[in-house]
Every structure is written in C-alpha cells, then in structure tokens.
Amino acid sequence: MNLDDVPVVNYVLESGPDDPVFDTLLLSGPLVIGILALVGREPVSVGLGVLYLLVFAGYLPYKWLSGRDQDR
Amino acid sequence: MNGSYAPVGRDIGRMLQALSGLVLITIPVSLVWGEYYVLPALLLSALVPLASGRLLTSAFRDASDPGKLHGMMVAAAGWFAVALFGSLPFFLIAWTVALDPVLLEPPTLSGRAASTVSAFRNPLNAVFESMSGFTGTGLTMTDNEEALPRTLQWWRTFIEWVGGVGVIVLTTAILARPGSGSLTLYESEARSEKIHPSIVSTVRTIWWIFLLFTFVSILVLWLAGMPLWGAINHAMTGLATGGFSITDNSIATYDSAVIDFALIPVMILGSIAFPIHYLILQGDLKNLYTDLQTRWMFGFFGGGSVLLSALVYLSGTYDSWFDAFRYGLFQFVSAMSCTGFQTAVDSTNVALGKWPAQAQLTVTFGMVVGAAAGSTVGGIKLIRLATLVKGIRHRITDVFVPDTAVRRLEIGDRRLTEEAANRELGEAAIIAVLWFVFLALTTFVLLLVLPESQYTLENVLFEVASAQGNVGLSSGITGPGMPTVGKLFFLFNMWIGRLEIIPVLVLLRALFTRGGLYR
C-alpha cells in the first residue's frame, strides 16, 4: 500500500502545497498537537513543538536562498 | 422565486449543506470533553440546514451559473442564511440546559455561568453571536466566555475560523465546481485576486495556507505559555482576525507580556493577503516589501503603535514606557488587523473605553482602515486607502501639467490608464462613502437608544467602527443588555462590513423591488 492510497494523505498530496516539506508539516500538524494534548508540557513535547516551528521558519529562507542561487 | 433567482436558491442550498457539515465536525469535540447532553442539539442544528439545503439544491438543480447580480445576491443572502442557521447550536444548547431533560443530564449552572448560557435562549442573541462569529467580528453576547460549554467555545472559534476565509470559499473548495460561476461567487465574497488561473485551485491553496498557519500559530501560543485549549482557540480566532476568546477578559486574562507579543505575528499573518502568503511560501520573500498593501500594513502597524503608545504614556494612562508600548502595540495591531483581542481591560490595567479620547480615536482609525484586501480582515482596506490617497494626489497634480501630457496613475506595480484609474478611484470612493454613511447612521441610532450620559461619543463611534469593521474591540456597549434596536443595527453593520456593503445593498434592492416597495 502506497502513502498516496491513504484517504487524507492522498487529498493533501493532490490538493496541497505540492512541496514535500509543507506536505509533511500539514500532515504532521494534527499529530504534533495530539501529542501535546496527551503528553502535556514536558521537555519532549516542548522539543517537538520547537522542532516543528524551526522547520517551518527555517524552510522559508532556505527556499529563498536556493531560488536566488538558481536565478544566478 | 422564479427561474431568474434559481441560481441564488441553489447556491444558498449548497452553503447550508456545507454549514451542516461544520456542525457535524463539532460533535467529536463534544465527545472528547464528555458533553453528551449537547448531542441532540447539535444533531438537530446539522439536520435543519442539511434538509433546507437539500430542498433548495434539488428544487433548483437545473439552475444556470450565477451572473454578477446573482453572485452578489448569493453572497449577501447566503451569509445571512448561514448566520441564521449557525445560531441553532447556541439557541438549542441554551434551551437544553434550561429545560434540563432527565435523560441528557445537563450541568446545573448558577451565577454568571447561568446568565451567560441563558442569554442564548433569546434568538436574537444567538443570531448576533453567530453573525459576529461568521463575519469575524468578535463582539459577543456572552458575559463570561469561560462559563460556556466547551462545545460552544469551539463552535464560536470554528465559525470565526471558517468565516475568516469565507463560507463561499469553503463551499467552492468542497464542491470543486469549476467554471465562471465559482469565480463570480468568489469575487462577491470580498475577494478579487486569484492565486492560480483555476478558481478551485485558488481556494484549495488558500485553505492549505490557512491550515498550515493555524498549526504554526497554535504551537507559537502554546510555547509562549498558553494552555493547549486556549492556544487552539486563540490561534484559530487570531489567525482569522476574528477575536472571540474562551476567557472572561480576552487575552488580558493571561496577563502575560510573552503571550501578548506572541499573538502579534499571528494577527499579522491574518492581515496579509493570501496571494502574497503563497508567493512568500514559494520563497519569494521580497514580496514582504515590494507588495504595496503589505508594505503599507507594516508602516501603519509600526506608526500607529508608536503613536498610540505615546498617547497613552503621555496622558498618564500607564506609568512606564514598557507598559504603554505593550498595550499600545497590541491594541493597535489588534484593531487594524480587525482581530479584536483585548489586553486593555479594567481587571489588569485600564480599559480601552477609559483611554483618552485621542487614543480611542487612533484605535478607531485603525479599525476603519483595516489591513490588506484578500486577507481575513475587515474595514475599508489598505488598497482602497492607497487608491484614494494616490488618486486624489493624481487629480490635484493634474492641474499643474499641460493638457496634452499623458499621465498614468501608479498603484503598486500597476500603471493605470485614465479610464481604469477613474473606475478604481470611483469604486474606492463609493465603498468609503457608504462605509462612513452607515457608520454615521448607526452612531446616530445608538446615541438615541443608549442611556444618556453612560457612554461618550468616542465610545459609541468606537463600538460602531468595531462592529462594521468586523473587529470586536468593545468600549463596553455590546452585551446581552444592549437595546434590541442596537443589536439589530449591529447585525446589519457586521453583515455589510464583511461583504463590503454593495452585495447587501444589491440584495435589499432586489427584495424591495420584487416586493413592490418601490420601482
């Protein structure tokens, strides 16, 4: 069974950002929030939240810089 | 309703079916919180719009694509219908608690909790709350939001979140109906720019951007120290620039500078147009300063916050520069982004309604202007302000150049011909004039119906600008005890504010003409 065959995943991959990092952030967002709800405010959950934000915040400058390199 | 109104009936039916889906999505929240007594009320709240919607869509299934007139009527009537049917959860849950059926065992409430929930037994209060939610206004009929059942807290949040993007945008995304009809409806819901050539792709892109930002905002607020349930609700209403809260004193309840500052970027995200978000997410960061509206937005947020901070500091409202800046920045961004979160309340510092008149008017200015068109905000919007300012300057400087000179009005990266400039300037002027006409009308009515000497003119102007700009900040006028006439006018102000007035006037004209009131 491919990842594309899972209903929600399939919908996100087809109608979503068409970008692997944003697709992953979209699909993992509810999971991360679910983990925070179950675990509470613990170092592990805080680390997970920080990691999610770092990936999001870091990916934008990365895309900008790689886009500039391609333009040169 | 004859054939010419068939597209209106069919599309309102579709919107009502989408609404019933929203109610059904709420049921898991009730189950998670163990509020089983709300289930019959929620099921009935889903069933009524579903049945009404099915009836309309099947009766008008052969209707043609909507034209411009129909598009505006669908937007106006559809939003009203959605607000009306969306009030059912408030109304039915309040009556469930009041009637206390044996099998359902609802909680026994007392004091402020009882009065908060029982306020929604009045249908007008329930419709007010629903309209306030869907339009992203945030003015409320509740006395203490913390006392609401979790299901109603969620429902208020959820309808603001959906309303921020738009009910028609939601319906289009679900139905995936391509063609000119969807474009017409999309444009009637106060949106113009497309992200992709296809309207269905455009609305789907809007939704994934909005969803991604929601997850990011929830995590930002949670890491800033907000409890998770608060973070989920405030992230959703903050991003949608709606402003409903689940706490008694809005964001002031937390009394945390970190949370105040963490909410600033959330509200800013909601103030930027979706096409610009899309470009930024593609790595085109220069749009943060090359796009006219985004540039102006940062300029206004910065300048307005500094001015407001200076006003409240120099007037002695706050003793320290830090406090003045903290509350000035938050309240100006909250006002101009049309969010309506409040940190200036009596329980922690000085309520907005008690700020000096010049500070209240500065906040009012932010609420009237609003931020970027194409985002989730209300108000006149920056692109119209830019068009008016640049257009007036263009007209005045026209006198100083020879008649033979060919001049172009430049707005952002567009150079408009004389005809296009006249059209855009005319549209911006019409919206702005109508905006002030309805602002003045409701202000006049409120001054008549409110108890004398209880509220100042700046309090009333503030509240009306808040309702019509879909902001939600309050100087203390709005509440369940507000005169009925005031509630009815605010319902109208919120409705026209969300749809930028014209579609509502088109609908009313069509109704009055067909009703024979005038020809």
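Condition first: among the small types (Gly, Ala, Ser), in a helix (DSSP H, G or I) and touching a helix residue (DSSP H, G or I) at 6+ places or on another chain (Cβ under 8 Å). Now tell me which residues in the range B:264-303 satisfy that.
B:Gly270, B:Ser271
Got at least one residue in the range A:29-42 being over 12 Å from the mean Cα position of the chain (by Cα) and away from chain B (no Cβ under 11 Å)? Let's see the steps before the verdict.
We begin by selecting, within the range A:29-42, every residue over 12 Å from the mean Cα position of the chain (by Cα); these are A:33-42.
Imposing the further condition that a residue be away from chain B (no Cβ under 11 Å) reduces the set to A:42.
Scanning the range A:29-42, I find at least one residue that is over 12 Å from the mean Cα position of the chain (by Cα) and away from chain B (no Cβ under 11 Å), so the answer is yes.
For the range A:1-22, which residues satisfy the criterion of being open to solvent by 90 Å² or more (accessible area, probe 1.4 Å) and not in a loop (DSSP other than H, G, I, E, B)? Before the answer, list the steps.
Narrowing the range A:1-22 to residues open to solvent by 90 Å² or more (accessible area, probe 1.4 Å): A:1-3, A:5, A:7-8, A:11, A:14, A:18, A:20.
Once the filter is applied, which keeps residues that are open to solvent by 90 Å² or more (accessible area, probe 1.4 Å) and not in a loop (DSSP other than H, G, I, E, B), the range A:1-22 yields A:Leu3, A:Asp5, A:Pro7, A:Val8, A:Tyr11, A:Glu14, A:Pro20.
Here is a check on your reading of the model: is B:Leu24 over 23 Å from B:Glu500 (Cα atoms) and modelled with pLDDT under 90? Let's see the steps before the verdict.
Numbers: over 23 Å from B:Glu500 (Cα atoms): yes; modelled with pLDDT under 90: no.
Here the answer is no, as B:Leu24 does not meet what is asked.
Sort out which residues of the range B:433-471 are small (Gly, Ala, Ser) and surrounded by fewer than 17 Cβ atoms within 10 Å (Cβ to Cβ), and write them in order of number. Explain how you work it out, then say what you get.
Within the range B:433-471, the subset small (Gly, Ala, Ser) is B:440, B:453, B:465-467, B:469.
Of everything in the range B:433-471, those that are small (Gly, Ala, Ser) and surrounded by fewer than 17 Cβ atoms within 10 Å (Cβ to Cβ) turn out to be B:Ala440, B:Ser453.
Could you count how many residues in the range B:304-323 are assigned to a helix (DSSP H, G or I) and closer than 18 Å to B:Leu361 by Cα?
So the first thing to find is which residues in the range B:304-323 are assigned to a helix (DSSP H, G or I), and the list is B:304-314, B:321-323.
From the residues that got through so far, the ones that are closer than 18 Å to B:Leu361 by Cα too are B:304-314.
Total meeting the criteria: 11.
Would you please name the residue that is farthest from B:Phe215 (Cα to Cα), looking only at residues in the range A:8-18 that are facing chain B (nearest Cβ under 8 Å) and not hydrophobic (A, V, I, L, M, F, W, C)?
If we filter the range A:8-18 for residues that are facing chain B (nearest Cβ under 8 Å), which is where we start, we get A:12, A:15-17.
Pick out the ones that are also not hydrophobic (A, V, I, L, M, F, W, C) and you get A:15-17.
Values: A:Ser15: 18, A:Gly16: 15, A:Pro17: 15 Å.
Among residues in the range A:8-18 that are facing chain B (nearest Cβ under 8 Å) and not hydrophobic (A, V, I, L, M, F, W, C), the one farthest from B:Phe215 (Cα to Cα) is A:Ser15.
Consider A:Asp4 carefully, then state whether it is closer than 17 Å to B:Phe210 by Cα and without any contact (Cβ under 8 Å) to a residue 40 or more places away in the chain. Steps first, please.
Details: closer than 17 Å to B:Phe210 by Cα: no; without any contact (Cβ under 8 Å) to a residue 40 or more places away in the chain: yes.
Criteria not met by A:Asp4.
Against the condition modelled with pLDDT under 95, part of a helix (DSSP H, G or I) and either open to solvent by less than 70 Å² (accessible area, probe 1.4 Å) or within 24 Å of B:Leu285 (Cα to Cα) (or both), how does A:Leu25 come out, does it pass? It would help to see each step written out before you state the result.
Details: modelled with pLDDT under 95: no; part of a helix (DSSP H, G or I): yes; either open to solvent by less than 70 Å² (accessible area, probe 1.4 Å) or within 24 Å of B:Leu285 (Cα to Cα) (or both): yes.
For A:Leu25, the condition - modelled with pLDDT under 95, part of a helix (DSSP H, G or I) and either open to solvent by less than 70 Å² (accessible area, probe 1.4 Å) or within 24 Å of B:Leu285 (Cα to Cα) (or both) - is not met.
Return the only residue of A:Leu13, A:Leu25 being without any contact (Cβ under 8 Å) to a residue 60 or more places away in the chain and closer than 25 Å to B:Met226 by Cβ. Full working, then the answer.
Values: A:Leu13 fails: closer than 25 Å to B:Met226 by Cβ.
Answer to the check: A:Leu25.
So is B:Ala359 in contact (Cβ under 8 Å) with a residue 40 or more places away in the chain, open to solvent by less than 50 Å² (accessible area, probe 1.4 Å), touching a helix residue (DSSP H, G or I) at 6+ places or on another chain (Cβ under 6 Å) and assigned to a loop (DSSP other than H, G, I, E, B) or not?
On the way: in contact (Cβ under 8 Å) with a residue 40 or more places away in the chain: yes; open to solvent by less than 50 Å² (accessible area, probe 1.4 Å): yes; touching a helix residue (DSSP H, G or I) at 6+ places or on another chain (Cβ under 6 Å): yes; assigned to a loop (DSSP other than H, G, I, E, B): no.
No; evaluated as a whole, the condition is false for this residue.
Within the range A:50-67, does at least one residue satisfy the condition of being open to solvent by 90 Å² or more (accessible area, probe 1.4 Å), of a type in the set (Val, Ile, Thr) and more than 8 Å from chain B (Cβ to nearest Cβ)?
No.
Given B:Val350, B:Val389, B:Val368, which one is among the aliphatic types (A, V, I, L, M) and surrounded by 22 or more Cβ atoms within 10 Å (Cβ to Cβ)?
Numbers: B:Val350 fails: surrounded by 22 or more Cβ atoms within 10 Å (Cβ to Cβ); B:Val389 fails: surrounded by 22 or more Cβ atoms within 10 Å (Cβ to Cβ).
Going through B:Val350, B:Val389, B:Val368 in turn, just one is among the aliphatic types (A, V, I, L, M) and surrounded by 22 or more Cβ atoms within 10 Å (Cβ to Cβ): B:Val368.
When the residues of the range B:324-337 are narrowed to those that are closer than 24 Å to B:Gln293 by Cα and either among the hydrophobic types (A, V, I, L, M, F, W, C) or outside any helix (DSSP H, G or I) (or both), which ends up nearest to the chain's Cα centre (by Cα)? Working first, answer last.
Within the range B:324-337, the subset closer than 24 Å to B:Gln293 by Cα is B:328-337.
Filter once more, so that each one left must be either among the hydrophobic types (A, V, I, L, M, F, W, C) or outside any helix (DSSP H, G or I) (or both): B:329-330, B:332-333, B:335-337.
Working: B:Leu329: 21, B:Phe330: 18, B:Phe332: 16, B:Val333: 15, B:Ala335: 12, B:Met336: 12, B:Ser337: 10 Å.
Ranking the candidates gives B:Ser337 first.
Scan the range B:93-102 and tell me whether some residue there is modelled with pLDDT under 95 and of a type in the set (Ser, Thr, Tyr).
The answer is no; no qualifying residue exists.
Out of B:Leu457, B:Leu446, B:Leu439, B:Leu434, which single residue is modelled with pLDDT of 95 or more and farther than 21 Å from B:Lys381 by Cβ? Write out each step before concluding.
Details: B:Leu457 fails: modelled with pLDDT of 95 or more; B:Leu439 fails: farther than 21 Å from B:Lys381 by Cβ; B:Leu434 fails: farther than 21 Å from B:Lys381 by Cβ.
Result of the check over B:Leu457, B:Leu446, B:Leu439, B:Leu434: B:Leu446.
Give the residues of the range B:181-235 that are of a type in the set (Gly, Ala, Ser), surrounded by fewer than 19 Cβ atoms within 10 Å (Cβ to Cβ) and either in contact (Cβ under 8 Å) with a residue 12 or more places away in the chain or closer than 30 Å to B:Thr253 by Cβ (or both), sorted by residue number. Lay out the reasoning, then the answer.
As a first pass, look at the range B:181-235 and keep what is of a type in the set (Gly, Ala, Ser): B:181-182, B:188, B:190, B:192, B:198, B:201, B:217, B:224-225, B:230-231, B:235.
Now narrow it down to the ones that are surrounded by fewer than 19 Cβ atoms within 10 Å (Cβ to Cβ): B:192, B:198, B:201, B:224-225.
Once the filter is applied, which keeps residues that are of a type in the set (Gly, Ala, Ser), surrounded by fewer than 19 Cβ atoms within 10 Å (Cβ to Cβ) and either in contact (Cβ under 8 Å) with a residue 12 or more places away in the chain or closer than 30 Å to B:Thr253 by Cβ (or both), the range B:181-235 yields B:Ser192, B:Ser198, B:Ala224, B:Gly225.
Among the residues of the range B:53-69 satisfying the criterion of being among the aliphatic types (A, V, I, L, M) and assigned to a helix (DSSP H, G or I), which is modelled with the lowest pLDDT? First the steps, then the outcome.
Start the filter on the range B:53-69 by keeping residues that are among the aliphatic types (A, V, I, L, M), which leaves B:55-56, B:59, B:63, B:69.
Subsequent filtering for residues that are assigned to a helix (DSSP H, G or I) retains B:55-56, B:59, B:69.
Values: B:Leu55: 97, B:Leu56: 96, B:Ala59: 94, B:Leu69: 84.
Only one residue fits best here, namely B:Leu69.
Before we move on, is B:Glu105 among the acidic types (Asp, Glu), open to solvent by 20 Å² or more (accessible area, probe 1.4 Å) and either within 21 Å of the chain's Cα centre (by Cα) or on the phi > 0 side of the Ramachandran plot (or both)?
Details: among the acidic types (Asp, Glu): yes; open to solvent by 20 Å² or more (accessible area, probe 1.4 Å): yes; either within 21 Å of the chain's Cα centre (by Cα) or on the phi > 0 side of the Ramachandran plot (or both): yes.
The answer is yes for B:Glu105.
Taking into account only those residues within the range B:222-235 that are part of a helix (DSSP H, G or I) and more than 21 Å from the chain's Cα centre (by Cα), which is farthest from the other protein chains (Cβ to nearest Cβ)?
So the first thing to find is which residues in the range B:222-235 are part of a helix (DSSP H, G or I), and the list is B:222-223, B:228-235.
Pick out the ones that are also more than 21 Å from the chain's Cα centre (by Cα) and you get B:222-223, B:228-229.
Details: B:Trp222: 6, B:Leu223: 5, B:Leu228: 6, B:Trp229: 9 Å.
The selected residue is B:Trp229.
The values are calculated or read from the model by the stated rules, or taken from the named source; none is laboratory data. All of these numbers come straight from a predicted model, not from anything done at the bench. Don't worry about glycine lacking a Cβ; one is built from the backbone with ideal geometry, like all the others, and counts go over all protein chains shown. Side chains included, ligands, DNA and RNA excluded: accessible areas come from the protein's heavy atoms. Shrake-Rupley method; radii C 1.70, N 1.55, O 1.52, S 1.80 Å.
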